[in-house]
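Laboratory data are not the source of any read-out in this text; all were calculated from the coordinates shown. Not measured: the values here are computed from a predicted model. Here the Cβ positions follow ideal geometry from the backbone for every residue, glycine too, while neighbour counts run over all protein chains shown.
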Amino acid sequence: MQIGQKIHHVLEINSTMEACKRLANLGEPNGTIVSANYQESGRGRFKRKWVSPSGDNIQMSVLLRPNQQELKYLNIFASMAVLATCEQTLGVDGSIKWPNDVQINGKKIAGILVETVLEGEKVVSCVIGIGLNVNLDVKPHAEIEETATSLKCEKGRYISRSVILKELIKQLDFYYSQISDGRSLTQRWCDKLSTIGKKVTLSFGKNPNNHILVGLAESISDDGGLIIRKEDGSLFTANAGEVTLARKEEIL
């Protein structure tokens, strides 16, 4: 077992991501987890706030010390593990909206954030943040009511967070062992993407109105880049760390 041999669980924290980074500097081992009942500064990609009332969901971060080869596949293995956890819990097929939104019935149930510390070409450490909606009631939150869901919303009853956390750690360890052994998850990940074959609008940076690119999502590169056929017929490969898919209403 590589992930979850050491777990730090706290009731409240500013950020599990930042806590993991501090532990990395202190020499904590590969696979160390920080989880919290509540984090004050939970965030997603491009510093977007993650709605997560205290005690409702899983918010956790995993400290990894991957090699260069593993580094390319961290988002892939993590999203596959989260998706597998949701599918097993609910008994339904889910999907992934490129690059890292796990969806059930077309609604977001989890998000993943990957941040890496490098010294030149050397990978010092990497932290994977995971927010998984377990018992969140989305109705009181107008900003996400139409686009988000939770295990409780889908199952129709309360779900034990401790049971889900145990299953999530098991799936993370399994999928991480796959990439550690040099096995490719790209095709399996691609098969779960809801984005392939659809017209997409990509926004570069925080402002969705800037640097818009529109095209057809055709396929995935080996390391998870989204290959897009632009309107002029040329191909563009989007890197998850550089762009985000904009919702239609964001570009009107």
Practice item. Would you mind classifying the range 120-176 by shape? Square roots of the alpha carbon gyration tensor eigenvalues, ordered a ≥ b ≥ c; an a/c under 1.5 is rounded, otherwise it is prolate if a/b is larger than b/c and oblate if not. Key: oblate
Review point. Out of Gln187, Thr85, Trp98, whose Cα points farthest toward the positive end of the dipole of the chain (charges: +1 Lys, Arg; -1 Asp, Glu; placed on Cβ)?
Key: Thr85
Exercise for review: Using every pair of alpha-carbon atoms in the range 60-147, split the distances into 5 Å bins beginning at 0 and state the percent of pairs per bin, rounded to integers.
Suggested key: 3, 13, 23, 20, 16, 11, 7, 5, 2, 0
Revision key, fill the gap. Per-residue Cβ contact counts at 10 Å, fewest first, order Asp173, Asp137 as Asp137, Asp173
Revision key, fill the gap. Asserting the computed 222 nm helical MRE of the chain (DSSP H runs at least 4 long, -39500 (n - 2.57) per run, divided by residue count, to nearest 500) equals -7500 deg cm²/dmol
Practice item. Rounding to the nearest 20 debye, state how big the charge dipole of the range 7-192 is about its Cα centre with +1 on each Lys and Arg Cβ and -1 on each Asp and Glu Cβ. Key: 100
Revision key, fill the gap. Burial-style ranking of 55-62, 10-17, 117-124, average other-beta-carbon count within 10 Å with highest first, yields 55-62, 10-17, 117-124
Practice item. Take the Cβ-Cβ distance between Lys166 and Asp232 as r, set R0 to 45 Å, and report the resulting FRET efficiency rounded to the nearest 0.05. Key: 0.35
Revision key, fill the gap. Least to most buried among Ser219, Ser162, by other C-beta atoms within 10 Å and fewest first, runs Ser162, Ser219
Study note, to complete from the structure: Given a Förster distance of 35 Å, the FRET efficiency implied by the Cβ-Cβ spacing of Leu216 and Leu11, rounded to the nearest 0.05, works out to 0.15
